[in-house]
Every structure is written in structure tokens, then in C-alpha cells.
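Everything on this sheet refers to the single structure shown next.
A short reminder: the numbers here are calculations on the coordinates, not readings from a lab. The shown structure was predicted, so the numbers you read here are calculated from the model rather than taken from an experiment. Here the Cβ positions follow ideal geometry from the backbone for every residue, glycine too, while neighbour counts run over all protein chains shown.
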Amino acid sequence: MTAQSSDTLKMNKGNFVKEFVSELRRNRYLYILALPGILFFIIFNYLPMFGIIISFKDYSVVKGIWGSEWSGLSNFKFFFTSGHAARVTFNTLFLNALFIIVGTITQSAVAIMLNELSSKFYKKLTQSLIFLPYFMSWVVVGVISLSLFDTQTGMLNMVLKFLGMGPVSWYTNAELWRPLLLVFYTWKWTGYGAVIYLAVISNIDLQYYEASIIDGAGKWQQIRYVTIPFLTPTVIILVLLAIGRIFYGDFGMIYGLIGDNGMLFRTTDVIDTYVYRALRQMGDFGMASAIGLYQSVMGFVIVMISNHLAKRFREESALF
């Protein structure tokens, strides 16, 4: 490196530092406002990444992270040779794919329908009723599920009995629970997602709708050619964010509704619930950490692929 290029590098470095300090001074109140959020992510998202090393060790609480013996890939081998890896991975991907597809369609459709309501009173009332399930704990939803599907005292079986039909053993039939989980997920999250999409629709300039009316467009044409195109970028971004966690099952929902019912594991057991049971029964922190790393790496790969496809389809809608 020549003396001239070295001087240029130092000059650019000095200018960068000056501009950075000037930016901090100019917008210091905004950065102070953002400081709690930055600290939150540093403490709870970045510092715990140090624990990745446990994935490659035979971790012992007594010996600690540094004192535990190095085990290489044995923790990963234990999971992938257990005979359960393919099943729980498929369940996680399949259920999350169902949740993303059906949830996105339902949430956007409800948002469009709410936007078309002319009465503000009914619009706010409907929005509040749809949003209410979001605030319910999955434990509460699990109690509701039990009151509906219990073999002996469940409301649905009592209705079937009244109609002269035999009871259905809901909690022993694994095939029934994929659609049931989808119903519960849609019921709980539709209101939350619809609020996001409704906010986007509310910001669409009314001149576009007025121009479409002048051109003779009806309600369906306005939704198809005005509302949906403006809604598409937000839909793509939210779908990409959801795909980033496609390897993470909704532990609260699955465990709240299924619990330790082994008869339903074939179709409902996801990676998170499997790891929880393994950690609780065997206390193997190394294996749990290895599976968490596996989820993160695969999620990262899928996000990169999905973002690349989104960029080719609509460049401005990609995450990066």
C-alpha cells in the first residue's frame, strides 16, 4: 500500500468518524429514544448467541460452558439418528406452511371486508370482536378446546349424542388435529393480522378509487386493481418474516392444546415441543442447543432463498 493510499484511507476513516459523531449529536434524542430497544436486542438476542458453543459440547451444569468436554457433532447425530427428526421437522414445516398460507389469505380478506363496511360503528365493533381472541392465552384456549372436544363431557359430542350419533374420540385421533390446529390458529391471529392490513388499506389515496369509479369499475374491480396491488408489498414482507421462523413451531399453541398426549404426536409434534420434552426428561442441554442451531441455520437459508425469489418477482418488496 502506497503512502498516498494510506493517507486517503486515514482521511476517509476520519471523515466517517466525524460524520458519525455529528449524526449522533444532531439526532441524539431519537437515538436515546431507541436505546432501550437496542439494549433489549443486544442483551436477549446477540449476547445469548455465545451459547451456540454448547451445541458442540457435552454440557454439564457443574462444569460450566468452558469446563464441559468437547463432543463435536455428537449432539446433532443424536437428534438426526433418533428416528424422530424427520417427523418433527415435517410437522413443523407443514403446519407453519398451512398457517402462513391460510393466515395470510384470511387476514387480508377480513381486512378488505372491514374496509368495505360503511357503518363506522359496525366496523369498529367487528374489528374489536375479531381482535379479541389475540389477547387470550393458549392455556385458556386449551381449556376451551377441552370443553369442546372432551370425549365424555365435550359440547360437540353432546350435540352428536343429541342428534343420535356416536361420540368422536377427538383426543385419540391424530388426523383430526392438523385442521383443528389450523382453525384455532386462524381464529386467534386473524384479528391481529387484519389490523395491520387494514392500516395499509386505510392509507391508500382515495383518488385511485375515484379514478377507478370514473372508469366504470365496480367494487370487485376496485379491490382487484387498486386495493390488492397496494396491499401486495406488505403481504410479501410479512410472509418473508413468517418464513424466517418456519422452522420454529408455535410451542404455546401446540403444548397448550396437545400437551403430552402421545397419541397425537404423529401429526402435531413439532421441533420445539420435542426439544422441550427431551430437555425435561433427559436434561440434555447440548442436544437442545444443537437443535436450536439447526432451526436457526435452516431458517436463515430459507429466508435467503425466499428473499431472492421475492426480489426477482418484485424487487421493492424484498427485505434486503
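So what J values fall out for the stretch 65-82 if you push phi through Karplus, 6.51 cos²θ - 1.76 cosθ + 1.60 with θ = phi - 60°, rounded to Hz, Gly and Pro as x?
5, 6, x, 5, 6, 6, 10, x, 9, 5, 5, 5, 4, 4, 5, 6, 9, 6
Along the stretch 201-213, what does the Karplus equation 6.51 cos²θ - 1.76 cosθ + 1.60 (θ = phi - 60°) give for ³J(HN,Hα), rounded to whole Hz, x for Gly and Pro?
Coupling constants for the stretch 201-213: 5, 5, 8, 6, 4, 5, 5, 5, 5, 5, 5, 5, 5 Hz.
Which FRET efficiency value, to the nearest 0.05, do you get for residue 301 and residue 18 by plugging their Cβ-Cβ distance into 1/(1 + (r/R0)^6) with R0 = 51 Å?
Efficiency computed from Cβ-Cβ geometry: 0.80.
Can you list the lysines whose alpha carbon is less than 23 Å from that of residue 188, not counting same-chain residues fewer than 8 positions off?
123, 124
Per residue of the stretch 41-48, what does 6.51 cos²θ - 1.76 cosθ + 1.60 with θ = phi - 60° give for ³J(HN,Hα)? Whole Hz please, x for Gly and Pro, Karplus curve as stated.
Ordered by residue, 3J(HN,Hα) equals 5, 5, 6, 9, 10, 9, 4, x Hz.
Apply 1/(1 + (r/R0)^6) to the Cβ-Cβ distance of residue 73 and residue 280, taking R0 = 25 Å, and write down the FRET efficiency to the nearest 0.05.
0.60
Skipping prolines and chain starts, which residues have an amide H placed within reach, meaning under 5 Å, of the one on residue 59, given they are 5 or more residues away or on another chain?
HN-HN under 5 Å from residue 59: 286.
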